[in-house]
1. Within the range 43-70, can you find the residues that are of a type in the set (A, V, I, L, M, F, W, C), without any contact (Cβ under 8 Å) to a residue 24 or more places away in the chain, in a helix (DSSP H, G or I) and surrounded by 12 or more Cβ atoms within 10 Å (Cβ to Cβ)?
2. What do you reckon, is R97 open to solvent by 60 Å² or more (accessible area, probe 1.4 Å), assigned to a helix (DSSP H, G or I) and either touching a residue at least 60 places away in the same chain (Cβ under 8 Å) or basic (K, R) (or both)?
3. If you take the residues in the range 3-42 that are open to solvent by 90 Å² or more (accessible area, probe 1.4 Å) and of a type in the set (K, R), which one is modelled with the lowest pLDDT?
4. If we scan the range 71-80, do we find a residue that is assigned to a helix (DSSP H, G or I), small (G, A, S), without any contact (Cβ under 8 Å) to a residue 40 or more places away in the chain and more than 21 Å from T26 (Cα to Cα)?
5. Answer with yes or no whether T127 is modelled with pLDDT under 90, within 16 Å of L29 (Cα to Cα), open to solvent by 40 Å² or more (accessible area, probe 1.4 Å) and not small (G, A, S).
Amino acid sequence: MDITAISPAVGFPRTVAADPLPPTGTLRLATAGSVDDGKSTLVGRLLHDSKSVLADQLEAVEHASRSRGAAGPDLALLTDGLRAEREQGITIDVAYRYFATPRRRFILADTPGHVQYTRNMVTGASTA
């Protein structure tokens, strides 16, 4: 997409590319930290803000959050795929989520924080 800009030097319009930077490939991110540091919430927020959450997924998260007594949607539930994770409110296994913007693809690895799942945290970090 091109846009027209006024050249400050001569005052004449010139055509410039709206996005002169080319796509830059894939960025891999992994969360790491202790229990309840907000790792899953961060990943859920990134997915939500990038508009990578389908309407039915968001509706399910809102419903589950209301049933748990939360005022708003618990975006951490977007990465909790195992039944045990949802029941206990913790991350057990690495959850990989993918989304893309016009310039870059992202792979997010949400890793657990409990000491007994350190092996899973290391696995997620090794992929980043």
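1. Correct list: L58, A60, V61, A64.
2. So R97 fails the test.
3. Out of the qualifying residues, it is R14.
4. Yes, the range 71-80 has at least one match.
5. yes
The values are calculated or read from the model by the stated rules, or taken from the named source; none is laboratory data. Since the model is a prediction, treat every value here as computed from it, not as a measurement. We place every Cβ from the backbone using ideal geometry, glycine too, and count neighbours over all the protein chains shown. Side chains are part of the model used for accessible areas, which takes the heavy atoms of the whole protein and leaves out ligands, DNA and RNA. Shrake-Rupley method; radii C 1.70, N 1.55, O 1.52, S 1.80 Å.
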